[in-house]
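What follows is a set of notes on a single structure, which appears directly below.
The values are calculated or read from the model by the stated rules, or taken from the named source; none is laboratory data. Treat the numbers as computed from the prediction; the structure is a model and nothing was measured. All Cβ positions, even for glycine, are placed from backbone atoms using ideal geometry, and neighbour counts span all protein chains on display. Note: areas computed on protein heavy atoms with side chains; ligands, DNA, RNA excluded. Shrake-Rupley method; radii C 1.70, N 1.55, O 1.52, S 1.80 Å.
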Amino acid sequence: MENPHYYTLKGVYLEKSGKVEAAHKAYQKSFMLFGEELKKKPDANVCINYIMAKYLYDGKEMSGQEMESLMPVTFTASEKKDVLDFFKTVSLVQAKQGLLGKPVDTRKNNECGDKSYRKMHTKG
């Protein structure tokens, strides 16, 4: 079996090297392989990688509802919560910035409109 992590890292390397089209193909392969792995092993960690690979591949932010639609139907409420909590703590954009070695200012990002963060950290 091919390793989806390899293709994620290959995509990161290619993107950092300015080879955007080649990076896109690597991210697409990573997304496909994580999807296959998730079908075989429905696990929260694999699901987090699958959702991240989708974001790397298509570059579109997702709502919690969109993320939940990518989760296996066999996931328990607890597993769904684990995945969604991860992305409430670390947004897709922040995760990609981290992979690419770019500085991530979480405080600035969260103060500028991350509704899920504000909802979690304010009363009412």
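What percentage of all Cα-Cα pairs in region 1-68 are separated by more than 17 Å? Mind showing how you got there, number by number?
Numbers: 868 of 2278 pairs.
Of the Cα pairs, 38 percent sit more than 17 Å apart.
Quick one, what does Rg over Rh come out to for region 14-108 if you take C-alpha atoms and the Kirkwood Rh? Don't skip to the answer; put the middle values down first.
Working: Rg = 13.7 Å, Rh = 13.9 Å.
My calculation of the ratio gives 0.98.
Can you send over the solvent-accessible area of VAL20, 1.4 Å probe, protein chains only, in Å² to the nearest 10?
Rounded to the nearest 10, the figure is 100 Å².
Show me the GluC sites (Glu not before Pro) within region 1-101 that DSSP assigns to loop and that have at most 16 other Cβ atoms within 10 Å of their Cβ. Please list the in-between numbers first.
On the way: sites: GLU2, GLU15, GLU21, GLU36, GLU37, GLU61, GLU66, GLU68, GLU79; in loops: GLU2, GLU61.
Answer in residue order: GLU2, GLU61.
Keeping every protein chain in place, order VAL93, VAL46 by accessible area at 1.4 Å, biggest value first, i.e. largest first. Display every interim value, and only then the final one.
Numbers: VAL93 50, VAL46 10 Å².
Output order, biggest surface exposure first: VAL93, VAL46.
In terms of solvent-accessible area of protein heavy atoms at a 1.4 angstrom probe, what is the ranking of VAL12, VAL90, highest value first? Walk me through the numbers on the way to the answer.
Numbers: VAL12 10, VAL90 45 Å².
Descending order: VAL90, VAL12.
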